[in-house]
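Inspection log for the structure reproduced underneath, given as structure tokens.
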Amino acid sequence: MIAPSELIINPDGSCFHLHLKPEQLADKIIMVGDPDRVNTVASYFDTKECEVSSREFHTITGTYKGKRITTLSHGIGTDNIDIVLNELDALANIDFASRTIKPEFRQLTMVRVGTSGGLQPFVPVGTYVAAGKSVGFDGVLYFYAGSEKVRDRAFESELIGQLEWKLSGIQPYVVSADPSLIEQITQDDIIRGVTIAANGFYGPQGRQLRLPLADPELNRKIEAFEFNGSRITNFEMESSSLAGLSALMGHRAMTVCCIIAGRVAKDMNTEYKGSMTGLIETVLDRI
């Protein structure tokens, strides 16, 4: 039995942070960072069966063209993904009444739709980029046993060498999105890239305001990195823990982002909602 301190269940039978009950979760899930963007995704639904809000976590479950889909917001950062992934997996695979793991595994399919900063000339503002591989600057995956089974150790070694890694106490890890889901979602309109999930928006992504950076050359080295024909395409803040934890748990997951900032060209599109709705429509049709 899983202790009450480990799996916290609210008095109404919902999980602690998301406030969802097991029967409210669909097998197909579209994740977004912004709670308001959940309404955008759900505006395409043909029917809506439930809507739940708690903190930054906003969830709507309904149907789209005959498919039952849950859309939920996860907030910002890989720490939030740790909460969301564990609670979604618990909703699917733990019996809340007995607090025991269900004998039959229920697999979830999760696509995170987000915004991102491009790091290469071939991913300008407006491009859609799927994180075929994610580079985690966050460390979340190291807290779970067996992470080496889902990490690309050769890619990690090359990354540390080429970036001349100087940040003591932090070591990047590399994980792949579910390959079958990448095939399902991406076509000629979505680039398959390598995405860095940073553990912050400013310094960890090379932005300098008043505080100096520990390695001012890190972004230049990231932009120049190449390994087995792969270049690092973009920055965001969630893809690594989503891909890594899902792989460990046995779920299918990936991240696809709309590039709204060109970090090399130093341009920014603050009016990106039209591009995002196009990506949302694409994912709804293909999930």
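The values are calculated or read from the model by the stated rules, or taken from the named source; none is laboratory data. What you see is a predicted model; the values in this text were computed from it and never measured. Counting neighbours? That spans all protein chains shown, and the Cβs are built from the backbone with ideal geometry, glycine included. What goes into the accessible areas is simple: the full protein's heavy atoms, side chains included, and nothing from ligands, DNA or RNA. Shrake-Rupley method; radii C 1.70, N 1.55, O 1.52, S 1.80 Å.
Yes/no matrix, rows are residues, columns are (1) open to solvent by 10 Å² or more (accessible area, probe 1.4 Å); (2) small (G, A, S):
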{"position": "L211", "(1), (2)": "yes, no"}
{"position": "D215", "(1), (2)": "yes, no"}
{"position": "R220", "(1), (2)": "yes, no"}
{"position": "A224", "(1), (2)": "yes, yes"}
{"position": "I232", "(1), (2)": "no, no"}
{"position": "S241", "(1), (2)": "no, yes"}
{"position": "G244", "(1), (2)": "no, yes"}
{"position": "M254", "(1), (2)": "no, no"}
{"position": "C258", "(1), (2)": "no, no"}
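Quick one: A130 ticks every box in (1) open to solvent by 10 Å² or more (accessible area, probe 1.4 Å); (2) assigned to a strand (DSSP E or B); (3) not β-branched (V, I, T) except a single one, so which number is it?
(1)
Quick check on this structure: which one of S157, S241 is under 18 Å from S116 (Cβ atoms) and among the hydroxyl-bearing types (S, T, Y)?
On the way: S157 fails: under 18 Å from S116 (Cβ atoms).
Answer to the check: S241.
I'd like the full set of residues that are of a type in the set (D, E, K, R), part of a helix (DSSP H, G or I) and open to solvent by 40 Å² or more (accessible area, probe 1.4 Å), limited to the stretch 133-176. Please lay out each step first, then the result.
Pass one, the stretch 133-176, residues of a type in the set (D, E, K, R): 133, 138, 148-149, 151-153, 156, 158, 164, 166.
Still in the list and also part of a helix (DSSP H, G or I): 148-149, 153, 156, 158.
Answer for the stretch 133-176, where residues must be of a type in the set (D, E, K, R), part of a helix (DSSP H, G or I) and open to solvent by 40 Å² or more (accessible area, probe 1.4 Å): E148, K149, R153, E158.
Only one residue in T63, T115, T70 is assigned to a strand (DSSP E or B) and under 15 Å from the mean Cα position of the chain (by Cα), so which one is that?
Checking each option against the conditions leaves just T115.
So how many residues does the stretch 87-113 have that are out of contact with any strand residue (DSSP E or B) (no Cβ under 8 Å at 6 or more places or on another chain), surrounded by fewer than 17 Cβ atoms within 10 Å (Cβ to Cβ) and within 18 Å of I287 (Cβ to Cβ)?
Adding up the residues that qualify gives 1.
Could you figure out which of (1) open to solvent by 50 Å² or more (accessible area, probe 1.4 Å); (2) assigned to a strand (DSSP E or B) isn't true of G193?
Going through (1) open to solvent by 50 Å² or more (accessible area, probe 1.4 Å); (2) assigned to a strand (DSSP E or B) one by one, G193 breaks only (1).
Take the stretch 20-59 and flag every residue that is open to solvent by less than 50 Å² (accessible area, probe 1.4 Å), farther than 17 Å from G114 by Cα and either in contact with a strand residue (DSSP E or B) (Cβ under 8 Å, 6 or more places away or on another chain) or among the acidic types (D, E) (or both).
Selection gives L20, Q24, L25, A26, F45, C50, V52.
So V84 fits all but one of (1) within 16 Å of S246 (Cα to Cα); (2) open to solvent by 10 Å² or more (accessible area, probe 1.4 Å); what number is the exception?
Only one criterion in (1) within 16 Å of S246 (Cα to Cα); (2) open to solvent by 10 Å² or more (accessible area, probe 1.4 Å) is unmet by V84, namely (2).
Please go through the stretch 73-101 and pick out each residue that is more than 27 Å from T47 (Cβ to Cβ) and part of a loop (DSSP other than H, G, I, E, B). Quick ask: steps written out before the conclusion?
To start, the set of residues in the stretch 73-101 that are more than 27 Å from T47 (Cβ to Cβ) comprises 76-83, 86, 94-95, 97-101.
I76, G77, A97, S98, R99 - these are the residues of the stretch 73-101 that are more than 27 Å from T47 (Cβ to Cβ) and part of a loop (DSSP other than H, G, I, E, B).
For D188, which of the numbered conditions (1) at pLDDT 95 or above; (2) in a loop (DSSP other than H, G, I, E, B); (3) loosely packed, with under 13 Cβ neighbours inside 10 Å fails to hold?
(1)
I need a count of the residues in the stretch 26-60 that are farther than 22 Å from A90 by Cα, of a type in the set (D, E, K, R) and not in a loop (DSSP other than H, G, I, E, B). Quick ask: steps written out before the conclusion?
Filtering the stretch 26-60 for residues farther than 22 Å from A90 by Cα gives 34, 36-37, 39-48.
Now restrict to residues that are of a type in the set (D, E, K, R): 34, 36-37, 46, 48.
Now restrict to residues that are not in a loop (DSSP other than H, G, I, E, B): 36-37, 48.
So the count comes out to 3.
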